[in-house]
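The values are calculated or read from the model by the stated rules, or taken from the named source; none is laboratory data. Here the structure is a predicted model, which means the values were calculated and not measured. Here the Cβ positions follow ideal geometry from the backbone for every residue, glycine too, while neighbour counts run over all protein chains shown. When the accessible area is computed, the model is the full protein with side chains, heavy atoms only, and any ligands, DNA or RNA have been set aside. Shrake-Rupley method; radii C 1.70, N 1.55, O 1.52, S 1.80 Å.
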Amino acid sequence: MTRFVFFLPVIVFFALAVLLWQGLFLDTKALPSMLIDKPMPEFALTTVDGEEVTNVDLPDQIFLLNIWGSYCLPCLIEHPTFMRLAEEGEIPVVGVNYRDRQGLAVNWLGENGNPFEFSILDESGRFGIDLGVYGAPETYLVDSDGVIRYRHVSVLDESVWREEFIPAIAELRGGVSL
Amino acid sequence: MSKLNLFFCLILVLLMFGNPRASVAQVDTFEFQTTEQQQRFRKLSDELRCPMCQNTNLSGSTGGVAQDLRREIHRMIVEGLTDVDIEEFMFDRYGDFIFYKPRFRAETAVLWFAPILFLLLGFAGGYIVWLKSKKSVDESESLDASQLNRLNDLLDSKQ
């Protein structure tokens, strides 16, 4: 017993060291989203093309909601993945053009291709706040009931798609057949 | 120490005591109806953390989302919402992260109580060590009759 008490500080030290060591590898940039398992916030905005959109216009199946902007370089990096997903019809992608200018957004889509069903125009960033967005790019996975199920912060490339989104979608589809 | 070194030391000391916030606060042109509203705005944007450029508060951040959130705080203050309402608004969207001073909830209880707990543990540990040392001193200083006899015998046999 006294032996144990004698070594207690050493044991506590190592336990703390292991804990703090693991802390070094935490991704502190990716904040947990408050909207997981909550419905998409209500919106009544226009698309980048000037058409009115509300929640009713969202796909009634599982879809991706991608936050993008013409100023955003990482968005250009993840763009080919969204183009492929759209071309192969794997999953519908809805865009949110976040803190951008309409003209710039239209040009960007013209230059790089448009993988989105439509892009919600959020020039003021107000809709982004309701989503808990803190910077483009971010991608949300929304289920067929319009409930947000997953969020990925920063670039969604093919490996993120494979390792994070495919399992998450499979889990969602596990219960209900689409 | 050369004069130049002394000069740099002085600047360092001045930097240490200066208010960093004062020099980096972002300039917005918000208008308020009362100075009380303005003070609330300043307090809230000082106490809320920018979710994008982490480790700066909203008032010190040039980030887009910080700009938007300052605008929202202004709007809500002018619309007559209370500080509690505004904090709730922020929490619903950005979670505990947004608060430099986390709110007291079941999930944050550990954060608030751990320092007190560790302090009490430290005191308890110190007290036990003190008790033990006191006990051993008491025991070692006084010998009972039989111990005294043995000591004397030992001393005698040596001579």
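I'd like the Kirkwood hydrodynamic radius of the protein assembly as shown, using the inverse of the mean 1/r over distinct C-alpha pairs, in Å. List each step's numbers first, then the result.
Values: mean 1/r = 0.0396 Å⁻¹.
One decimal place: 25.3 Å for the Kirkwood radius.
Separation between the A:Ala168 and B:Asp85 pseudo-spin-labels, each 7 Å from Cα along Cα→Cβ, expressed in nm?
3.3
Nearest 100 Å² is fine: what is the total accessible surface buried where chains A and B meet, probe 1.4 Å?
Adding both sides of the contact gives about 1400 Å².
In the range A:1-56, what chymotrypsin sites (Phe, Trp or Tyr not before Pro) fall in a loop by DSSP, with at most 12 other Cβ atoms inside 10 Å? Walk me through the numbers before you get to the answer.
Details: sites: A:Phe4, A:Phe6, A:Phe7, A:Phe13, A:Phe14, A:Trp21, A:Phe25, A:Phe43; in loops: A:Phe25, A:Phe43.
Within the range A:1-56, the qualifying chymotrypsin sites (Phe, Trp or Tyr not before Pro) (loop, at most 12 other Cβ atoms within 10 Å) are A:Phe25.
Could you work out the helix-only [θ] at 222 nm for chain A, with each DSSP H run of four or more residues adding -39,500 (n - 2.57) and the total divided by the number of residues, to the nearest 500 deg cm²/dmol? Write down the numbers at each step before the final one.
On the way: 5 runs with 64 residues, N = 178.
My calculation for chain A gives -11500 deg cm²/dmol from helical runs alone.
Over all Cα pairs of the range B:109-158, how is the pair count split among 10 Å bins, expressed in % and running from 0 up to the last occupied bin?
21, 23, 19, 15, 11, 8, 3
Name the residues of the range A:98-121, by number, that are at least 40 Å² less accessible with every protein chain in place than in the isolated chain; the surface is that of heavy atoms, probe 1.4 Å, without ligands or nucleic acids.
So the qualifying set is A:Arg99.
Report the accessible area of B:Glu79, computed with a 1.4 Å probe over the heavy atoms of all protein chains in place, in Å² rounded to the nearest 10.
Around 120 Å² of this residue is reachable by solvent.
Around A:Ser159, what is the net charge, scoring Lys/Arg as +1 and Asp/Glu as -1 over all other residues with Cβ under 15 Å from its Cβ?
-3
Roll a 1.4 angstrom probe over the protein heavy atoms and tell me the percent of accessible area of the protein assembly as shown that is carbon or sulfur.
That fraction is 62 percent.
Working out 0.36 nm times the residue gap between B:Lys43 and B:Thr62, then minus their Cα-Cα distance, what length gain in nm do you get to one decimal? Each step should come with its number before you reach the end.
Details: separation 19, 0.36 × 19 = 6.84 nm, distance 1.75 nm.
Residue separation times 0.36 nm, minus the Cα-Cα distance, leaves 5.1 nm.
Put +1 on the Cβ of each Lys and Arg and -1 on the Cβ of each Asp and Glu in the range A:31-175; which of A:Cys72, A:Val142, A:Leu45 then has its Cα farthest toward the positive end of the dipole?
So the residue we want is A:Cys72.
With helices defined as uninterrupted DSSP H runs, which ones in chain A have an alpha carbon span along their own long axis of at least 24 Å and mean Kyte-Doolittle hydropathy of at least 0.0?
Details: long enough: A:2-23 (32 Å, 1.93).
Correct list, ordered by number: A:2-23.
Set the Förster distance to 51 Å, then compute FRET efficiency between B:Leu119 and B:Val78 from the Cβ-Cβ distance, nearest 0.05.
Working: r = 44 Å, r/R0 = 0.85.
E between B:Leu119 and B:Val78, to the nearest 0.05, is 0.70.
Hey, can you find the accessible area per residue of the protein assembly as shown for me, probe 1.4 Å, expressed in square angstrom?
Here the residues of the protein assembly as shown average 64 Å² of exposed surface.
How much of the pair distance distribution for the range A:36-86 lies past 17 Å, counting alpha-carbon pairs only, in percent?
In whole percent, the share of Cα-Cα pairs in the range A:36-86 beyond 17 Å is 52.
Take the Cβ-Cβ distance between B:Leu111 and A:Phe7 as r, set R0 to 25 Å, and report the resulting FRET efficiency rounded to the nearest 0.05.
After rounding to 0.05, the efficiency reads 0.30.
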